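The values are calculated or read from the model by the stated rules, or taken from the named source; none is laboratory data. Everything quoted here is computed from the prediction, not taken from an experiment. Methodologically, a virtual Cβ is constructed for each residue, glycine included, from the backbone with ideal geometry; neighbour enumeration extends over all protein chains shown. Calculation scope for accessible area: heavy atoms of the full protein, side chains included, ligands and nucleic acids excluded. Shrake-Rupley method; radii C 1.70, N 1.55, O 1.52, S 1.80 Å.
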Amino acid sequence: MSQKVLLNAKEVNIILHRLACQLIENHNDFSNTVLIGLQPRGKYLANRLASMLKSDYKIKNIELGHLDITFFRDDFRRGEKILEANTTDINFIVENKNIVFIDDVLYTGRSIRAALTAIQSFGRPNEIELLTLIDRRFSRHLPIQPNYRGRQVDAINEEKVKVNWAENEGEDSVYLIK
């Protein structure tokens, strides 16, 4: 198994700042916008962006939550692998809010479909957008596209994209694994 570095820590940081600026352009002071990281891996990106928006860009009222989609997935109970649930932490109202779903890699689109179903338990949002660090554009099973993308990657066949976060794996990096 070989791996190729797609993004190093410096490139990840540059992309995060660009994504934060794009969010500010579209949501100004975030008074009617909430950020929701999709569990398990989207929470690292969501936490990092929320922290960056507060500290570097002085956005005061960032509402951040984490959404577990385990039991809303269409492959739940279909495989041999036992799925482990994560926690949902949304302590704000989503009714009539603009939501930005945040995930590390957009692959088939099935996780996003599950998130769209799961969020309905919390109310009816005004609008939902999608932000992903990596968009694997040739692998989509559903007609789902990101509003904000860090980088587009043409991974094919059995290739995998692995995002590492300093908080979890000790480094910020993205690898293409063959």
Using a/c under 1.5 as the rounded threshold, could you call the chain rounded, prolate or oblate? The axes a ≥ b ≥ c are square roots of the C-alpha gyration tensor eigenvalues, and prolate needs a/b larger than b/c, oblate otherwise. oblate
Using each residue's phi in the range 91-107, evaluate 6.51 cos²θ - 1.76 cosθ + 1.60 at θ = phi - 60° and report the 3J(HN,Hα) Karplus result to the nearest Hz, with x for Gly and Pro. 10, 8, 7, 9, 4, 6, 9, 8, 10, 10, 6, 10, 9, 6, 10, 9, 10
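Give the carbon-plus-sulfur fraction of the accessible surface of the range 50-166 in %, rounded to a whole number; probe 1.4 Å, heavy atoms of protein chains only. All intermediate terms of the calculation are to be shown ahead of the outcome.
Numbers: 3020 of 6730 Å².
Within the range 50-166, the accessible surface is 45 percent carbon and sulfur.
Ignoring ligands, DNA and RNA, what percent of the accessible area of the range 1-49 is carbon or sulfur (1.4 Å)?
Numbers: 1200 of 2380 Å².
Taking all protein chains in place, the range 1-49 shows 50 percent carbon and sulfur surface.
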Tell me the per residue accessible area of the range 53-178 using a 1.4 Å probe; a whole number in Å² is fine. 58 Å²
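Return a whole-number percent for the relative contact order of the range 1-139, with Cα pairs under 8 Å and 6 or more residues apart as the contact set. Could the numbers behind the result be given before it?
Numbers: 208 pairs, mean separation 34.5, N = 139.
About 25 percent, as a whole number.
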Using only the Cα atoms of the range 2-78, build the gyration tensor, take square roots of its eigenvalues as a ≥ b ≥ c, and label the shape rounded, prolate or oblate: rounded if a/c is under 1.5, else prolate if a/b is larger than b/c, else oblate. oblate
For the residue pair N28 and N13, what label-to-label distance in nm results when each label sits 7 Å from Cα along the Cα-to-beta-carbon direction? 3.2 nm
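Nearest 5 is fine: what % of DSSP beta bridges in the range 1-123 come out antiparallel, could you say? Before the final figure, lay out the partial values.
On the way: 1 of 11 bridges.
Beta bridges within the range 1-123, antiparallel portion: roughly 10 percent.
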